[in-house]
1. Of I203, L25, A152, which is farthest on the positive side of the dipole of the chain, counting Cα position, with +1 on Lys and Arg Cβ, -1 on Asp and Glu Cβ, and the Cα centre as origin?
2. Between D215, D49, D146, which gets the highest mean-square fluctuation from a Gaussian network model of the chain, Cα cutoff 10 Å?
3. Which residue fluctuates the most in the chain, going by a Gaussian network model with Cα springs under 10 Å, if the choices are A139, A45, A171?
4. Relative to the longest principal axis of the C-alpha atoms of the chain, give the angle of the C-alpha long axis of helix 39-48, reported between 0 and 90° and rounded to the nearest 10°.
5. About the Cα centre of the chain, how large is the charge dipole given +1 on each Lys and Arg Cβ and -1 on each Asp and Glu Cβ? Please answer in debye to the nearest 20.
6. Roughly how tilted is helix 86-100, in degrees to the nearest 10 and between 0 and 90, from the longest Cα axis of the chain?
7. Here are labelled values, (1) 20.5; (2) 21.1; (3) 19.6, and one is the computed Kirkwood radius over Cα pairs in Å for what I pasted. Which one?
8. Filter the trypsin sites (Lys or Arg not before Pro) in the range 153-188 down to the DSSP loop ones having no more than 16 other Cβ atoms within 10 Å, then list what survives.
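Only the coordinates and a few stated rules stand behind these numbers; no lab work does. Since we're looking at a predicted model, the values are computed, not measured. Here Cβ is always computed from backbone atoms with ideal geometry, including for glycine, and neighbour counts include all displayed protein chains.
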Amino acid sequence: MSARISAKTLRYLIMTGLIALWELLPRTGLIPELFLPSLSSTLIAGWTDAAEYGHALAVTLYEVVVSMAFACGGGIMLGAIVGSLPRPRVLIMPMVSSLYAVPLVILYPVFTVWLGIGSESKIAFASIYGFLPTMLATAAGIQTIDPQLLLAARSMGATLSQRLVRVIVPAAIPTVLSGLRVGGALVIVGVVVSEMLISSAGIGYLISRYRTILDSQHVFAGVLLVLFLAIAFNAAIRWIERKAAIWQTGTRAGQANDDIATAAMQPAT
């Protein structure tokens, strides 16, 4: 317990030190304000134009939420299907892995041609950006499932949908959550980067606009909002991990096997 408290205290000390350096280094002139404005001036700039940043944050949040629904939801379900069926896994996984190695940002101009510079192109780009790692992680997690779980579910007459919902996804939940963490983070990156490239609204647009006029305070105010958005997403994933901790024993032998196989026979809600 003492070691845990010490680690927590150390993290707080590191964060406090970084915040202090952020404020002091520009103030003392060691770092020019153009490169790194002080934290206080950054917060003042954001507070002064809070209405503008609030509207931009609402636009970005909308695009992030919709993109995560497509990327993470679709990635988990398709990854579970592909990972649980041998023939589709052999056919599809090599192509998806190869596509994931391609820098997808080069495709964003294509989305702007198809869908314009509004939210639709940002959502489409960020959805694909986060979909691939989520699908790959989920499909890989399926391979770690104890075959006895699936055998027991099949022997009890569970349908494919029941096996997916009641056996496969719960048993692969640790790997699924890892993929969800990576995919969700890439969704946020995809939305902000696409807003910075071609957009007329959103946090990324504000960062790009203020960068062109060398207004560092407003640029870093936008960066802080993106940072808080990423921290909030990480906190949400950690909350889900705590709630799903009971499922993380789903692949162990013994009584857990019987419990999950029995649950497969219950109607999915």
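1. The residue sitting most towards the positive pole is A152.
2. D49
3. Top of the fluctuation ranking is A45.
4. Here the helix axis deviates by roughly 90 degrees.
5. Charge dipole of the chain: 800 debye, to the nearest 20.
6. Relative to the chain, helix 86-100 is tipped by roughly 10 degrees.
7. Computed from the coordinates, Kirkwood radius over Cα pairs in Å corresponds to (2).
8. Answer by residue number: there is no such site.
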